[in-house]
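*Asks:* Please read through the structure below; I'll follow up with questions.
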Amino acid sequence: MEDGVLKEGFLVKRGHVVHNWKVRWFILRQNTLLYYKLEGGRKVIPPKGCILLDGCTITCPCLEYENRPLLIKLKTQTSTEYFLEACSREERDAWAFEITGAIHAGQPGKVQQLHILKNSFKLPPHISLHRIVDKMHDSSSGIRPSPNMEQGSTYKKTFIGSSLVDWLISNNFAASRLEAVTLASMLMEENFLRPVGTRSTGAIRSGDLAEQFLDDSMALYTFAESSKRKISSKEEISLSTVELSGTVVKQGYLTKQGHKRKNWKVRRFVLRKDPAFLHYYDPSKEENRPVGGFSLRGSLVSALEDNGVPTGVKGNVQGNLFKVITKDDTHYYIQASSKAERSEWIEAIKKLT
C-alpha cells in the first residue's frame, strides 16, 4: 500500500443524482475517502470524488435498502449521504472499523475503545445461516412466533430477543449468550430477521459497531419475508439449485474479462464447495443471482506473468492476473487487486479442482 493509505479496495456506491449502483475503487486516508472510476481494469486518475471524514457520522449496519444488507452509510458535516456496499459481512465490518478509526483519529481514547471492541468481537466459525433459518422454521422444534405486546400495541407473529438467544444456545448453535447475540445480529444483518417495535428498532438507530440485536425480554423481532421467498420456476430453469447449495469458501470483488466484447468489469465472485463451483454476480444489480459460473471439477488455475500482456488478454490491465480453464476448455481471465489476493484465490480454487 502507498504511504498514508489505511485501506483500499472495491465498494459499490449509490449515485447522488440517479440512484444507480456502481463499483468504484476506494482509498481510505486519515482525513479522506477517495473513490475512482475504472476503465479497462485500471483506476482512472484523478479521483471521481472525495469524501471528507472530518465531522462525518457512520451507520453500520445500514438497513435502509432491503436487498442490500451489507451497506455502510456515511453522512458528512454538510449532511451529504453516501451509501457504500461491501462484498461480505467481514469486509463491510473491516471497512466500517477503519473508517470509524479515521473519523476519530484525533481522539485517542475513542480509537482505543474501537480496538478493544474489535478484539473482543469474535464470530462463531463455520456457521451456515441458511441451516439455522431452516431449523428456526421447523414446525416442531423451531421458533414459534406469537402475538406480543409492547407499549400498548400488539404485534402479530413475533418473538422476543432473549427467547431467540435461549433457542440458539439450546440448539448448540452458540456456546454462550455473547455468541448467540452475535449470531442473531448476523441473521438480522443478512436480512433473515427484522426488528419490530420501538425497542428493537431503536437499538439499530443508536447502535455502533457492536451487536445490534438485544438479548432482552422486551425487544421484539420477526422473520423477514425475504427469508421465506421461494425460488420461481424461471429461476429453477436458469440456475441449478444444486450448484448454489454448496458451502461458501471465499468471496470478494475481482475484475473479469468478458468473453465476447473482451471488456473488463468488476464482479463479486463466490467460491463454493460440495459441489465445487465459482459463480460471479453483477454488484450493480438488485437481484442476488449469478450472471455466470462454472464447475471447478477438472479445471486448471494458474497465475499469468506480470511482464507484458499475456495471450488472450485484451486492454490496458494493471497485472495480478490469473486464468481458469474449465473442463470444457473455456478460458476465464480474472484480475485481482494485489499479488497476495491473487495467490489466495488461486490456492482456494486449486483445493477444489
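*Asks:* Which of the peptides 328-335, 265-272 is most tightly packed, and how do the rest follow, going by the mean number of other Cβ atoms within 10 Å of each residue?
*Replies:* Order by mean packing, descending: 265-272, 328-335.
*Asks:* What order, most packed first, do the peptides 94-104, 169-179 have when packing is the mean number of other Cβ atoms within 10 Å of each residue?
*Replies:* Ranked from most to least packed, the peptides come out as 94-104, 169-179.
*Asks:* Something else about it: Heavy-atom accessible area per residue, region 1-99, 1.4 Å probe: how many Å²?
*Replies:* Value returned for region 1-99: 47 Å² of accessible area per residue.
*Asks:* Show me the ranking of peptides 10-21, 138-149 by mean Cβ neighbours inside 10 Å, starting with the highest.
*Replies:* 10-21, 138-149
*Asks:* What FRET efficiency comes out for D329 versus K285 if R0 is 35 angstrom and r is the Cβ-Cβ distance? Round to the nearest 0.05.
*Replies:* Efficiency at R0 = 35 Å is approximately 0.75.
*Asks:* Is there a pair in K327/K350; K75/K265; K13/K262; K48/K250; K285/K314; K13/K265 whose C-alpha atoms are over 22 Å apart, and which pairs would that be?
*Replies:* K75/K265; K13/K262; K48/K250; K285/K314
The values are calculated or read from the model by the stated rules, or taken from the named source; none is laboratory data. Note that the coordinates shown come from a computational prediction; the quantities given were computed from them, not determined experimentally. Every residue, glycine among them, receives a Cβ derived from its backbone with ideal geometry; neighbour counts consider all protein chains shown. We work out accessible area using only protein heavy atoms, side chains counted, and drop any ligands, DNA or RNA first. Shrake-Rupley method; radii C 1.70, N 1.55, O 1.52, S 1.80 Å.
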